[in-house]
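A short worksheet on the structure shown next.
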Amino acid sequence: MVTATALEAELLELAGSVPDPELPVLTLKELGVVRAVRVGGPDTAEVDLTPTYTGCPAIEAMTLDIERVLRAHGVREVSVRTVLAPAWSTDDITPEGRRKLQEFGIAPPRVREDSGPVPLALGPTRTHEAQSEPVRCPHCGSADTELLSRFSSTACKALRRCLACREPFDHFKEL
């Protein structure tokens with residue numbers, strides 16, 4: 001494994017400081033999608049970016065924002081490379097990112113004890129799920145919530161409702 005130089009580490013921090021275009025409360029670092037930066041010569045850098053899913057419409061906006069930030073820092077040639085392996089997982093969201101999602105009113109993805117594929121159980125659209133760890137309401141903290149729709153404002157979120165305070169909320173789905 002090649003160790004990053006001080007300049008690469010600095011550029012990685014800069015690229016990671018870009019706000020996510022769909023969830024601007026999070027940076028790309030907190031979301032866990034900026035994987036690496038390599039300096040290829042004087043004034044050139046290549047950034048590895050892994051989308052949350054292969055059809056993510058925000059990848060273009062992320063790319064442009066990363067290029068803009070690094071160019072403003074003096075890097076003339078910036079290329080952003082979409083890297084699909086290893087695939088992004090909600091396990092890549094930092095603890096700070098999870099905290100910010102909660103404060104923003106979005107239930108963060110549950111932390112999984114094991115890694116690997118997430119099992120998918122098909123069932124009715126509106127369900128009251130019995131899972132090992134419930135999705136807690138970001139407004140009142142109740143674990144008594146129900147799934148209203150598997151998709152919300154973006155494909156990576158589901159729409160839920162708290163049965164205690166009756167407020168709807170987004171839940172960042174586990175992947």
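Worth pointing out:
- If you check 142, 115 for being in contact with a Leu (Cβ under 8 Å, 6 or more places away or on another chain) and either modelled with pLDDT under 85 or among the hydroxyl-bearing types (Ser, Thr, Tyr) (or both), only one passes: 142.
- Pairs where the first residue, in the stretch 153-175, is surrounded by 15 or more Cβ atoms within 10 Å (Cβ to Cβ) and the second is acidic (Asp, Glu), C-beta under 6 Å, 6+ apart: 154/22; 157/170; 161/146
- Candidate set: the stretch 10-45, residues that are surrounded by fewer than 15 Cβ atoms within 10 Å (Cβ to Cβ) and assigned to a strand (DSSP E or B); chosen: the one modelled with the highest pLDDT: 44
- Residue that is touching a strand residue (DSSP E or B) at 6+ places or on another chain (Cβ under 9 Å), assigned by TED's automatic domain parsing to the domain that holds residue 76, among the acidic types (Asp, Glu) and within 17 Å of residue 72 (Cα to Cα), where the choices are 43, 20: 43
- Positions within the stretch 83-114 being without any contact (Cβ under 8 Å) to a residue 24 or more places away in the chain and either assigned to a loop (DSSP other than H, G, I, E, B) or within 12 Å of the chain's Cα centre (by Cα) (or both), in sequence order: 85, 95, 98, 111, 113, 114
- Of the residues making up the stretch 122-139, just one is more than 23 Å from the chain's Cα centre (by Cα) and either among the acidic types (Asp, Glu) or at pLDDT 95 or above (or both), namely 129.
- Of everything in the stretch 64-82 that is buried (at least 17 other Cβ atoms within 10 Å of the Cβ) and farther than 16 Å from residue 24 by Cβ, the residue that is farthest from the chain's Cα centre (by Cα) is 75.
The values are calculated or read from the model by the stated rules, or taken from the named source; none is laboratory data. Everything quoted here is computed from the prediction, not taken from an experiment. Neighbour counts are summed over all protein chains in view; Cβ atoms, including those assigned to glycine, are modelled from backbone coordinates with ideal geometry.
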